[in-house]
Every structure is written in structure tokens, then in C-alpha cells.
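Below is one structure, written out as C-alpha cells; the observations come after it.
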Amino acid sequence: MRIIAIDGPSGAGKSSYAATLGLPIVPTDHFATWDDPVAWWPRLVDGVITPLRQGLRGRYRRMEWTDGVPALGAEVVVEPTEILVVEGFSSGRRAAAPWLSQLIWVDAPDALERAVARDGEASRANLVRWKEFERGWFQVDGTRDRADLVVQR
């Protein structure tokens, strides 16, 4: 099984780029919350990546938002596949390197404004805080520097 990570800043166009590939996608948005941008990782690895690499179905409960409040919601089943795309912030983290076949970095010069346009003006304060976390994360993790392909949107 091959795993492709599509990583980059919020609002850069990762989801729309991933959709053009025509492959099964597990978005990190199904795991992360404003208050937990990265610590959810074991749920993805234990529930999806490990079983799929063993030829088994993966399962996880996606994060669902009601009135801006996240809670675990519906179960998502991920069928075994030859190629899986894990798309979203921190999908290409250093911890994934041993099993990644490819890391694609997607970037856009106006990513914050694109994210606000996508999520609404009411999300701006959370997105600004998120962007600050992202910058620090990417700097320490070195995600872009390890990318096999860089896509500008």
C-alpha cells in the first residue's frame, strides 16, 4: 500500500488539490480541532494507517461540529486500497515519514484570506491563532523541506 500526504497551511488548497487525484482520501480535518491541532495523531495511525497497511479495513470516528463545538461523530470506514491520500495539516509530519510514499506540499500566498473566505469571517480569530501554530509546527517539523513535490495554488 502506498500513502501520499498532502500537507501545507490552512487555506492553501490542499483539499481541492487532493480531490483532483481521484484517490481515496482521509482528511486530517476529520480529526483536528481548534484546541487539538496535532495530538489526535494516534487515532489516525491506530484506526486507519496500521489496519490498512495490514490489508484490513480502517475505522475512525470523524470530528463533527455543532454550533462551533467539536464532538466525535459518525464512524467512517476506510476500505483497503493500493493508494491512500492523507490530506490536511500535519499529514506529512516527520512521524509519518517511515510509511509515506510521497509528500506533497501545497501553498498559496493568500492562504489566510482563502481560509477566511472558506470558513467565514466569524472564524478569522481561530484561523489567525491556527496559522500561528502552523508556522511554528512547520518550522520545527521541516515539512516543506521534506516534500517530494511543491504545488503553488
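Brief remarks on what is shown
- Cα gyration tensor category, rounded, prolate or oblate, for segment 78-153 with a/c compared to 1.5: prolate
- Approximate spin-label separation V76-D46, in nm, with each point projected 7 Å along Cα-to-Cβ: 1.8 nm
- Residue among F31, G58, P9 farthest towards the positive dipole end of segment 1-70, charges placed on Cβ: G58
- The per residue volume of the convex hull around the alpha-carbon atoms of the chain is 105 Å³.
- In Hz, Karplus ³J(HN,Hα) per residue of segment 3-8 (6.51, -1.76, 1.60; θ = phi - 60°; x = Gly, Pro): 10, 10, 9, 10, 10, x
- Its Cα centre serving as origin, the chain has a Cβ charge dipole (Lys and Arg +1, Asp and Glu -1) of approximately 320 debye.
- Computed magnitude of the charge dipole of segment 27-72 (debye, nearest 20; Cβ of K, R +1, Cβ of D, E -1): 400 debye
- Per-residue ellipticity at 222 nm computed for the chain from its helices equals -7500 deg cm²/dmol, with DSSP H segments shorter than 4 residues left out and the rest contributing -39,500 (n - 2.57).
- A full extension of the chain between R57 and R129 corresponds to an added length of 22.4 nm, given 0.36 nm per residue minus the alpha carbon distance.
- Neighbour counting of Cβ atoms within 10 Å sorts the residues F133, F31, fewest neighbours leading, into F133, F31.
- Percent of Cα pairs in segment 1-57 per distance bin of 5 Å, from zero to the largest separation: 4, 16, 25, 25, 20, 9, 2.
- The residue among G68, V45, T20 whose Cα reaches farthest toward the positive pole of the charge dipole of segment 2-152, with charges on the beta-carbon of Lys, Arg, Asp and Glu, is V45.
- Extending 7 Å from the Cα toward the beta-carbon at both W65 and S15 defines two label points whose distance is 0.9 nm.
- Listed residue (Q102, S90, A125) projecting farthest to the positive dipole end of segment 2-152, Cβ model: Q102
- Within the chain, percent of DSSP bridges classed antiparallel, to nearest 5: 35 percent
None of the figures in this text is laboratory data; all of them are computed from the coordinates on show. Note that the structure is a prediction, hence the values are computed from the model and not measured. Please note: Cβ atoms are built from the backbone with ideal geometry, for glycine as well, and neighbour counts cover all protein chains shown.
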